[in-house]
Amino acid sequence: MRSQQRRRSGAVGVLAAAATLALMTACAGGPAAEEEAPDEPLQFFLSGDANQGGGFAHMAELYEEETGVEVEIVDIANEDLPTKLKNAAQANDLPALARVGGIDPVWKDLTVDLASVTEGSDIRTDLAAVDEDGKVLSVPTDITAVGLFINKTLFDQAGVAYPTSPDDIWTWDEYVAAVKQVQANTGATYGMVMDRSSHRLKAFLYEFGSDYFQPDEDGQFETNGATKEALEYFASLNDDSFMPRSVWLSDGDPNGLFKSGDVVAYMSGSWQIADFAVNIADFEWESVRMPKQPVRSTNYGNAANIVVFEGSGQEDAALAFVEWLYEPENYRELAETSGFLPVIDGLEVTYSSNAEDFELYNEEIAASDPIAAKIKKNDLAYEVLGVTTEGDPVRDETVKYLNGEQDVDTTIQNILDQLSDQLGALP
């Protein structure tokens, strides 16, 4: 955390620079050329800042201390934010900037180019939305990654070991055997739960060597044989003993099941660390490396992105704030306050708690198979094009397969057909 002295010196520096500039222009006989602070605060729409330690609110306070420019954090429920921004765009009443889950075609052309933020930086531009002309539509604020949590208390009680180093990573077969042994020795009701999400399923497929679902040059989607093997394996786990069928078939709550202490492991992601640190007190939990079979990979991506909007009359001031926010010293403070996996390569972040968990996720991202980056690149390209699917074909067709409504070959073909029809070719 910065000292008060640093904050004061920053503010003094800004004021001194402004005074010098004013004196120079006055001597030249012209009007003062310094840029005054906006008359109104910069509205910054986002979701969940309070849940992430109030990191953006904290940085807004620092920015006002250093520059005199007020940034008003408007925290909106995640499910409401996309609609609110669409309505604001249609009413010509967008905020100065926002932190969003993705680029929306409704306001895509109303964004300011953020190339000045990324140029010359170590920001992960592979996670930024960049259009075919090179315009940087958004910059990632943090990275999330799929990962595995275990109930350490149950493992210890059962006397079963688990991997503790990158040189000792279990396969899915070894992991399943270990979890079943913990179940048998402790009487735990379920072996594991996994979020009902294609985001989680992607990582699972990658680990079996799947190429996932990709378009050819004509926009026809295809996959490889490992996808079928992985889906069949996943179906075998959803047996109401190892995994509760209620999670994927009827939208049961995996988070709540794991927190009950009656589930051995949970495949979810890095965003759970802050929640578990506060809300699990009845047992010890631990982040562990995910299995491979035979591929080591997670599924990672930009948790959210910052965009600056045109039309507010505050474009320059908003862009200046974003440029300041991504200066390494400032971004480090944001990451430490919010518990973010950093989007600036090589940036050392010191977390006040659960540092080993964040370190493990950074390791998993770095060790991931190239397929994870390739699919993420495709996803961002479709996002920039404004092309989306109806619902989530990968998840929805997998649910039908798990429910016995169709076989695995039909499931894969349905996914390929829907993605081909709805997404098509990439430029």
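Note on the chain: antiparallel DSSP beta bridges, both residues inside, total approximately 70 percent of the bridges counted.
Over all Cα atoms in the chain, the spread is summed up by Rg and Dmax: 24.0, 86 Å. For region 347-400, the equivalent ellipsoid derived from the Cα gyration tensor has semi-axes of 31, 16, 12 Å, listed largest first. Using C-alpha pairs below 8 Å separated by at least 6 residues, the relative contact order for region 189-303 is 41 percent. Taken along the Cα-to-beta-carbon direction at a fixed 7 Å, the label points for Lys228 and Asp409 span 0.7 nm.
Contact order, relative form, for the chain: 24 percent (alpha carbon pairs under 8 Å, 6 or more residues apart, mean separation divided by residue count).
Would you work out the relative contact order for region 163-236, in percent, from Cα pairs under 8 angstrom that are 6 or more residues apart?
Values: 48 pairs, mean separation 12.8, N = 74.
Dividing the mean separation by the residue count of region 163-236 yields 17 percent.
Counting only protein heavy atoms, what percent of the accessible surface of the chain is carbon or sulfur at a 1.4 Å probe? C and S atoms contribute 45 percent here. Between the Cα long axis of helix 315-325 and the first principal axis of the chain there is an angle of about 60°, rounded to the nearest 10. Since only Val69, Ser250, Ala303 are under comparison, the one whose Cα sits farthest along the positive direction of the charge dipole of the chain, derived from C-beta charges on Lys, Arg, Asp and Glu, is Ser250.
Three principal axis extents of region 96-164 based on alpha-carbon atoms, in descending order, are 57, 29, 22 Å.
At a probe radius of 1.4 angstrom, the accessible area of the chain per residue rounds to 44 square angstrom. Using Cα-only point scatterers and the Debye equation, what is log10 of I(q)/I(0) for region 277-427 at each q in 0.13 Å⁻¹, rounded to two decimals? Taking Cα atoms of region 277-427 as identical point scatterers yields -0.94. Just so you know, the averaged projected area of the alpha carbon convex hull for region 318-363 sits at 3.2 nm². Each residue of region 104-251 gets 193 Å³ once the volume of the Cα convex hull is shared out per residue. In degrees from 0 to 90, rounded to the nearest 10, what is the angle of the helix 408-422 Cα long axis to the longest principal axis of the chain? Once rounded, the angle reads 20 degrees. Longer than 19 Å from Cα to Cα, which of Lys228/Lys400; Lys202/Lys376; Lys152/Lys180; Lys86/Lys108; Lys152/Lys259; Lys108/Lys202 are they? Say none if no pair is. The answer is Lys108/Lys202.
The values are calculated or read from the model by the stated rules, or taken from the named source; none is laboratory data. The structure displayed is predicted, hence computed values, not measured ones. Please note: Cβ atoms are built from the backbone with ideal geometry, for glycine as well, and neighbour counts cover all protein chains shown. Only protein heavy atoms, including side chains, enter the accessible area calculation; ligands, DNA and RNA are left aside. Shrake-Rupley method; radii C 1.70, N 1.55, O 1.52, S 1.80 Å.
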